[in-house]
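Everything on this sheet refers to the single structure shown next.
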Amino acid sequence: MLTQIHISHLVTIDECHLEFLPGSTVITGETGAGKSILIDAIEMALGSRAMGDMVRPGFDKADITLCFDIAKLPAARAWLQTYDLTQETNECILRRTIYRDGRSRSFINGMPTTLQPLRELAELLMQIHGQHEHQSLLKTDAQRHLLDHYAGHMSVVVAVSTLADNFHALQEEIVKLTQLTGERNARQEFLKFQLQELEILHLTPNEFQTLDIEHKQLANRGELLQNMNAALKFLTNEEENSAMHGLNKALESLQSMTVVDPKLASWIESIKTAIIQISDVEDELQRYLDHVDLDPERLQWIEERISTLFNVARKHKINPSELFDLQLKLAAEFKECETSDARLQDLLLKRDNLQKEYFAKASLLSKSREQFAKKLSMEITKIIQVLSLKNAEFDISLVREKNPAVSSHGLEKVIFQIKTNKGQSLQPLAKIASGGELSRIGLAIYMATAGKHVTPTLIFDEVDVGVGGATSEMVGKLLRELGKTHQILCITHQPQVAALQHQHIHVSKMHEKNSTLTSIRHLSPAEKIQELARMLGGIEMTETTLAHARELVEKVGCDVMPACS
């Protein structure tokens, strides 16, 4: 609930600090005193449009701060936790600073925020019900939510919404697959042609690299044999000028002198190692020459094979060494095309099953809505008729298409309808011309759904417009009753309404030289009597009006809330 409000330098308000208690609070004052400024300030703090000309003359900025106790508001606490804006206490502080140049800044618990998140949070904290058609009760979504919360079937609502979302996601995937069918078939034929061309080649991994090496060997077979034989000749032990012959001679020379100088032993070992390694190379070269196959026919075949691979690779604009990987890639794509039809059939089956499940669950929701729509319509009608609309009839209409689509909101539209006079036909709530009637209808709706309503603080802007004394008293009683389950702020011009509320705030305007100031403060019991007398009798206050004011207060007593003691 709202616990405090602080306003500085806003229009005619210089500084204002108010504390609020549970229950119902009435706001009164003469016409033009500035009662609407208080509501405007609250709306701006909650994210409504703010203009630079709202800043009090002589100042650069205006500031509005709202404090809420959210101890009993799990939805608001969860929202703050989602955005990492929680505090150690159960307090939520909203602040809006408006600058003369039209800029504004918003804060939630001291952290800067944009208006959209601020408005989301505001819906969980407070609802303002006035005489304008933009109010939430005129919106189809709000009407549906009111009925669903009243019926208490929110788990079914969530289930229907989830099924609808899953259905539409599946449908989107099916549409994409279906749209690609023609392209896929053409692509599949092209893939088949490309694969046949590659499969005829009987490609193997790393084939081109292996052929390339063998081709170099065969193409240079004469030079290769000549140089290998020369290398073998330089190494062999049988030649006097060979490396092996020289090493053996060097070994003999050093071994004969080891008795003279022992350090020659390490060099002797190095020469022995070299002799062994050269001997190994000699053996390997001989084996290579004994087994090398430099067949000219093999060379011709390799050249033809390499030429073929180059030609095919050129068509695909790749390197011949990439042909085998290309074949694997095209084969995988071809297989995917073959299985896509099966996937489409699988998705269609899943969609049909999901659709059946959706309509089964949505039908349960429709039956529940129908049951509670009748009950709520009767309750609202009874309350409206008490509020000086004796011939009024309220109806919650459930409108369904012949072939309803899968919607996250269910199978029907929920439309609040009303007729206020005999002979009239029921019309949507949004078409009501009278702001006073709309306010009283709103009050009736909130009274009927009070036990289910989740918004803790409700503001009613002149719900008593156009009603007389007896009806005003009934409005006052209803507001006070609603104050048992909600925090109520109500602007009124009717003393019968004001007298019955738990707390009383007075708005007045003062003129000082070249400036105008608005004062907003709580009234003491004695001051409340004076204000009620003013509302009853006008400027001149008589004993009769004072006695009447005391009588209005005594009807309810002032022992319920601390503010009335």
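Annotations
- Measuring between alpha carbons in the structure, the pairs from Lys192/Lys350; Lys367/Lys484; Lys35/Lys72; Lys35/Lys477; Lys61/Lys509 lying more than 26 angstrom apart are Lys192/Lys350; Lys367/Lys484; Lys35/Lys72.
- Take the Kirkwood radius over Cα pairs of region 184-337, plug it into Stokes-Einstein at 37 °C and 0.692 mPa s, and you get 161 µm²/s for translational diffusion.
- Projecting the alpha carbon convex hull of region 1-95 along each direction and taking the average yields 7.4 nm².
- Folded to 0 to 90 degrees: helix 543-556 orientation relative to the chain principal axis, Cα: 50 degrees
- With Cα atoms, 0 to 90° folded angle of helix 221-235 axis to the chain main axis: 70 degrees
- Sites Ala332 and Arg105, calculated FRET efficiency, Cβ-Cβ separation with R0 51 Å, nearest 0.05: 0.35
- Degrees between helix 243-255 axis and first principal axis of the chain (Cα, 0 to 90, nearest 10): 80 degrees
- Once both labels are positioned 7 Å from their Cα atoms along Cα-to-Cβ, the gap between Asn206 and Ser408 label points is 5.6 nm.
- Sorted by Cβ density within 10 Å, fewest first, the residues Trp79, Trp301: Trp301, Trp79
- The trypsin sites (Lys or Arg not before Pro) of region 250-316 meeting both criteria, a DSSP state outside H, G, I, E and B (loop) and at most 16 other C-beta atoms within 10 angstrom of the site's C-beta, are Lys263.
- In terms of surrounding Cβ atoms within a 10 Å radius of their Cβ, Glu393, Glu531 rank from fewest to most as Glu393, Glu531.
- Nitroxide proxy distance, nm - points 7 Å out along Cα→Cβ at Ile268 and Leu349: 8.7 nm
- Peptide ranges 191-204, 479-492 listed from the most packed, as the mean C-beta count within 10 angstrom indicates: 479-492, 191-204
- Helical content of the chain, expressed as a calculated mean residue ellipticity at 222 nm, amounts to -18000 deg cm²/dmol (DSSP H runs of 4 or more residues, -39,500 (n - 2.57) each, divided by residue number, nearest 500).
- The Rg/Rh ratio of the chain, with Rg taken over Cα atoms and Rh as the Kirkwood radius over Cα pairs, comes to 1.42.
- The distance separating the Cα centre of region 383-415 from that of region 512-554 comes to 43 Å.
- Packing-based ranking of 248-258, 358-368 yields 358-368, 248-258, ordered from highest to lowest mean Cβ neighbour count within 10 Å.
- Potential extension, Glu554-Lys249 segment - 0.36 nm per residue separation minus Cα distance: 96.1 nm
- The value of relative contact order for the chain, using C-alpha pairs under 8 Å at least six residues apart, is 21 percent.
- Centre separation in Å (Cα based) which lies between region 273-327 and region 21-57: 91 Å
- Average silhouette area of region 245-318, convex hull of alpha-carbon atoms, in square nanometres: 9.0 nm²
Just so you know, all these numbers are worked out from the coordinates, no wet-lab data involved. Just so you know, these numbers come straight off a predicted model, no measurement behind them. In this analysis, Cβ positions are derived from the backbone assuming ideal geometry, glycine residues included, and neighbour counts consider all displayed protein chains.
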